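To start, the structure itself, in structure tokens.
The values are calculated or read from the model by the stated rules, or taken from the named source; none is laboratory data. The model shown is predicted, which means the values in this text are computed figures rather than measured ones. Here the Cβ is made from the backbone with ideal geometry for all residues, glycine too, and neighbour counts use every protein chain on show. Side chains included, ligands, DNA and RNA excluded: accessible areas come from the protein's heavy atoms. Shrake-Rupley method; radii C 1.70, N 1.55, O 1.52, S 1.80 Å.
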Amino acid sequence: MKKFRLLLAVFIAFSIALSGCNNKSQTSSGKQKEEKKLEIFSWWTGAGEEDGLLALLELFKEKYPDIEVENAAVAGGAGTNAKAVLATRMQGNNPPSTFQVHGGQELNASWVAAGKMEPLNDLYEQEGWMDKFPKDLIDMVSVDGNIYSVPVNIHRSNVLWYNKKIFEENNLQVPATFDEFFDVAEKLKAKGITPLALGDKEPWTATHIFENVLLAKLGPDGYNALWSGELSFDDPKVKESVEIFGKMLSYVNEDHSSRNWQDASQLVAKGEAAMNIMGDWAKGYFVNDMKLKVNEDFGYVPTPETDGYFMVVTDTFGLPKGVKNADDVKKFLSVLGSVEGQDVFNPLKGSIPARIDADLSKYDQYGKDTMEDFKNSKLAPSLAHGSAAPEGVLTRVNQAVNIFVTQKDVNQFIDALKTAAQEL
Ligand code: GAL
């Protein structure tokens, strides 16, 4: 009996040890799985935004079926919410495996300056990318010779979209100058048609219009000089831009502050407004979501007085320091930076490929025209989309614009811009 009890005790102890062992191995493999998961962080959710990303993730899955991917997108145009979530995570040393970040100051003055990013020069060498991306673009994602991210696209910010039917039916010419714009806007208004659609529930959309007026009036050199601190916001051309911007705002839909960029684009798509100033992610929205046809239902021209200029918005992805699965992140970046990756993403997103050797046949007329324009235009980095100035400046400008939209006080706005510029 005693012997039996002893045997039983040994058996129970052994079983407990074994089950403990099992638990442990389950936990560690679960944890390993967690750590291995490739978390792709962006703000591409919903209409006009996510199709390109989903196609890219699908391509990655075909190539690397064993790598688990989590699409960790946070909704909100231009990163309105995602950037705040990202900042908290980066500060808490809990970065996503890779994240969407605009080339230029948003990458360099924030995450590179804080020492939070790994250089990717080895990946560029390995993939033979140095002469496959335009030098200007590589410069935008580099600091002191180190390259910190991979551009997936180039969006154009200075595009005026218009409803073809409205222009044809009313026998109107699409405006190329501000005088023409106001002339057309008056005529449309007289007929009860909203001339310009705006959705500034997220204030960046109004900043987006304003930056294009600045580009028109200052030219790329003057515009760039504003953000390098060489040109003061006291410049008379800034005042002229503010006045034009203010006048444009008198032609927008009344409910602008309750709409986002998609809702505003929808007004143009449905023939409830004639024009819209938005980056070419709006083309993705018109075609994929609203089922419209390029050059049949809607047309596009550079925003007034910016022909020959190209306001650049580039979405890039990098490798944060300290992530456990750096090799898998590099695999993702290599797909994102490949011709195949760029050519599944961009035709859906509305952007042009960042690479110079993409397959033209995959792009519609808008894409082809934009690739041509990119090669032949003077480039300027977008402020509203992170490239021109550090995040702190952009936040202040967005606040100032938001106040200007309601109060229309030119001098107060210029003072607020000057205060913002002190952080340059
Ligand atoms: C931009 C971004 C684009 C597009 C847009 C609207 O900042 O670069 O890819 O997503 O915001 O959300």
Problem set entry | Cα centroid separation, the stretch 256-278 to the stretch 204-244 (Å) | 24 Å
Seminar exercise, completed: Going residue by residue through the stretch 149-158, the Karplus relation 6.51 cos²θ - 1.76 cosθ + 1.60 with θ = phi - 60° gives ³J(HN,Hα) values, rounded to whole Hz and with x marking Gly or Pro, of 7, 10, x, 8, 7, 9, 9, 9, 8, 8
Exercise. Between LYS191 and SER228, what is the label-to-label distance in nm when each label sits 7 Å out along the Cα-to-Cβ direction?
Worked result: 4.5 nm
Exercise. In nanometres, what is the gap between the two model label sites at LYS36 and LYS247, each 7 Å from Cα along Cα-to-Cβ?
Worked result: 6.3 nm
Problem set entry | Set LYS201/LYS247; LYS37/LYS362; LYS291/LYS349; LYS349/LYS375 screened for pairs whose C-alpha atoms are more than 25 Å apart | LYS37/LYS362
Exercise. On a 0 to 90 degree scale, rounded to 10, what angle separates helix 204-228 from the longest Cα axis of the chain?
Worked result: 80 degrees
Exercise. Residues with beta-carbon under 14 Å from that of GLY222, excluding GLY222: net charge, scoring Lys, Arg +1 and Asp, Glu -1?
Worked result: -3
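Summing +1 for each Lys or Arg and -1 for each Asp or Glu, what net charge is found among the other residues whose Cβ lies under 12 Å from the Cβ of LYS368? Let's see the in-between values first.
Working: positive: LYS362, LYS375; negative: ASP359, ASP364, ASP369, GLU372, ASP373.
Local charge sum for LYS368: -3.
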Exercise. Karplus couplings for the stretch 233-248 from phi (6.51 cos²θ - 1.76 cosθ + 1.60, θ = phi - 60°), rounded to Hz, Gly and Pro as x?
Worked result: 6, 7, 4, x, 6, 5, 4, 4, 5, 4, 5, 5, 4, x, 5, 4
For this session: Multiply the residue separation of GLN365 and LEU424 by 0.36 nm, subtract the distance between their alpha-carbon atoms, and state the gained length in nm to one decimal.
Result: 17.4 nm
For this session: Using only Cα positions of the stretch 283-424, each an equal point scatterer, no hydration layer, compute I(q)/I(0) via Debye at q = 0.11, 0.16 Å⁻¹ and quote the log10 values to two decimals.
Result: -0.62, -1.07
Exercise. Semi-axes of the equivalent ellipsoid of the stretch 166-228: what are they in whole Å, largest first, if each equals the square root of 5 times a C-alpha gyration tensor eigenvalue?
Worked result: 27, 16, 7
Exercise. Hey, how many Å between the Cα centroid of the stretch 282-342 and the Cα centroid of the stretch 102-139?
Worked result: 16 Å
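May I ask for the equivalent-ellipsoid semi-axes of the chain, computed as the square root of five times each C-alpha gyration tensor eigenvalue and listed largest first in whole Å? Each step should come with its number before you reach the end.
Working: eigenvalues 429, 107, 95 Å².
Taking √(5λ) for each eigenvalue gives 46, 23, 22 Å, largest first.
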Seminar exercise, completed: Ignoring ligands and nucleic acids, ASP289 exposes an accessible area, probe 1.4 Å, in Å² to the nearest 10, of 60 Å²
For this session: With only alpha-carbon atoms counted, please give the Rg and Dmax of the stretch 260-308, in Å.
Result: 10.6, 30
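What ranking, highest mean first, results for peptides 52-60, 151-159 when packing means the other Cβ atoms within 10 Å averaged over each residue?
Numbers: 52-60: 19.6, 151-159: 25.9.
Per-residue Cβ counts within 10 Å, averaged per peptide and sorted highest first, yield 151-159, 52-60.
Taking a quarter of the surface of the convex hull around the Cα atoms of the stretch 276-357, what do you get in nm²?
Working: hull surface 30.2 nm².
Taking a quarter of the hull surface, the average projection is 7.6 nm².
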Problem set entry | Coarse-grained scattering of the stretch 109-187 at q = 0.11 Å⁻¹, given as base-10 log I(q)/I(0) from a Debye sum over alpha-carbon atoms | -0.55
For this session: Per residue of the stretch 312-329, in order, report the coupling 6.51 cos²θ - 1.76 cosθ + 1.60 (Karplus, θ = phi - 60°) as ³J(HN,Hα) in whole Hz, putting x for Gly and Pro.
Result: 8, 10, 10, 8, 10, 9, x, 10, x, 5, x, 6, 6, 10, 4, 5, 5, 4
Problem set entry | Solvent exposure, largest accessible area first (probe 1.4 Å, DNA, RNA and ligands not counted), of MET275, MET371 | MET371, MET275
Exercise. Taking a ≥ b ≥ c as the square roots of the eigenvalues of the Cα gyration tensor of the stretch 207-325, is the shape rounded (a/c under 1.5), prolate (a/b larger than b/c) or oblate?
Worked result: oblate
